[in-house]
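Worksheet: the structure to be examined is printed underneath.
A short reminder: the numbers here are calculations on the coordinates, not readings from a lab. Note that the structure is predicted; figures quoted are calculated from it, not measured. No Cβ is skipped: glycine too gets one built from the backbone with ideal geometry, and neighbour counts run over all protein chains shown.
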Ligand SMILES: NC(=O)c1ccc[n+]([C@@H]2O[C@H](COP(=O)([O-])OP(=O)(O)OC[C@H]3O[C@@H](n4cnc5c(N)ncnc54)[C@H](OP(=O)(O)O)[C@@H]3O)[C@@H](O)[C@H]2O)c1
């Protein structure tokens with residue numbers, strides 16, 4: 001049987017282009033977009049609120065093609081126009097089809113519906129999952145996610161996605177700032193798919209955070225506000241804290 005993960009040209013392209021992004025990230029931030037006329041990946045943002053807009057903006061500035069989406073196309077068109085180069089807007093279905101990497105930045109309560117609606121586009125793709133379950137906001141699904149662990153529950157809700165949890169417990173307002181001091185702030189991540197972790201790590205590093213893998217998706221339960229890993233920590237601090245956590 002062919003290994004879908006290594007035989008897909010889209011994935012090979014992305015590994016190559018995200019690799020190029022790492023080289024480009026050595027350039028001053030403002031110059032990267034101009035330097036990156038080709039060889040960048042396509043990122044579909046599912047959710048374009050505080051988190052989605054902040055992350056999409058910095059990845060667009062870094063030269064990736066970004067599509068913003070939500071249930072309000074007009075807002076996303078305005079956001080894309082404001083971000084400018086490399087940004088566009090679409091429906092969640094269009095963004096999911098467009099992205100080689102998808103970023104989910106929606107209230108956790110939207111995941112069951114989106115998982116079904118976008119199933120055909122999600123399968124086999126790298127998904128960066130920034131979503132946190134809050135029972136007061138998200139209802140019963142958040143209670144389930146907290147019992148099972150957010151990483152494992154997201155994998156159930158987005159079948160076939162190659163999920164990496166990241167960006168869950170740092171403030172959205174700071175997400176566009178980390179590039180100012182590259183590598184100082186660690187980004188704890190969790191995932192089971194080695195290649196997906198590699199791709200997500202490059203994207204994370206590119207916007208200034210140093211990714212720190214704390215374990216498989218079962219460790220995703222610690223990637224939420226209110227856990228010892230929440231807030232900004234150096235990469236060393238994250239390693240130290242993660243070593244005290246049980247899977
Ligand atoms: N804010 C933070 O500092 C922060 C930090 C880390 C992680 N998080 C987590 O990240 C996720 C996003 O947080 P946020 O602060 O960015 O929230 P937000 O500002 O409320 O943005 C949520 C986005 O999701 C869209 N959305 C909601 N339901 C949708 C659906 N069914 N289909 C498509 N799009 C939908 C919203 O647009 P429409 O309603 O117009 O569709 C909006 O663009 C949450 O799970 C949150 O817990 C937040």
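Results, tabulated for the structure shown:
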{"read-out": "Only one of 112, 159 that is more than 10 Å from the ligand (Cβ to nearest atom) and more than 16 Å from the chain's Cα centre (by Cα)", "value": "159"}
{"read-out": "Residue list for the stretch 105-120, filter: in a helix (DSSP H, G or I) and touching a strand residue (DSSP E or B) at 6+ places or on another chain (Cβ under 8 Å)", "value": "111, 114"}
{"read-out": "Count of the stretch 81-104 residues which are touching a strand residue (DSSP E or B) at 6+ places or on another chain (Cβ under 9 Å) and more than 22 Å from residue 204 (Cβ to Cβ)", "value": "9"}
{"read-out": "Evaluation of residue 156 against (1) in contact (Cβ under 8 Å) with a residue 24 or more places away in the chain; (2) touching a helix residue (DSSP H, G or I) at 6+ places or on another chain (Cβ under 9 Å) (one fails), failing number", "value": "(1)"}
{"read-out": "Close pairs (9 angstrom Cβ cut-off, 6 or more residues apart or separate chains): on the phi > 0 side of the Ramachandran plot in the stretch 44-56, in a strand (DSSP E or B) and near the ligand (Cβ under 6 Å from one of its atoms) anywhere", "value": "none"}
{"read-out": "Condition check for residue 214: surrounded by 20 or more Cβ atoms within 10 Å (Cβ to Cβ) and closer than 22 Å to residue 56 by Cα", "value": "no"}
{"read-out": "Qualifying positions in the stretch 217-227 - within 14 Å of residue 189 (Cα to Cα) and either over 19 Å from the mean Cα position of the chain (by Cα) or surrounded by fewer than 17 Cβ atoms within 10 Å (Cβ to Cβ) (or both)", "value": "218, 225, 227"}
{"read-out": "Residue 67 vs. criteria buried (at least 20 other Cβ atoms within 10 Å of the Cβ), more than 11 Å from the ligand (Cβ to nearest atom) and within 13 Å of residue 53 (Cα to Cα)", "value": "yes"}
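Residues are listed down the side, and each one gets a yes or a no for (1) within 8 Å of the ligand (Cβ to nearest atom); (2) crowded, with 24+ Cβ neighbours inside 10 Å; (3) under 14 Å from the mean Cα position of the chain (by Cα); (4) closer than 20 Å to residue 164 by Cα:
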residue	(1), (2), (3), (4)
41	no, yes, yes, yes
50	yes, no, yes, yes
58	no, no, yes, yes
71	yes, no, no, no
77	no, no, no, no
82	no, no, no, no
95	no, yes, yes, yes
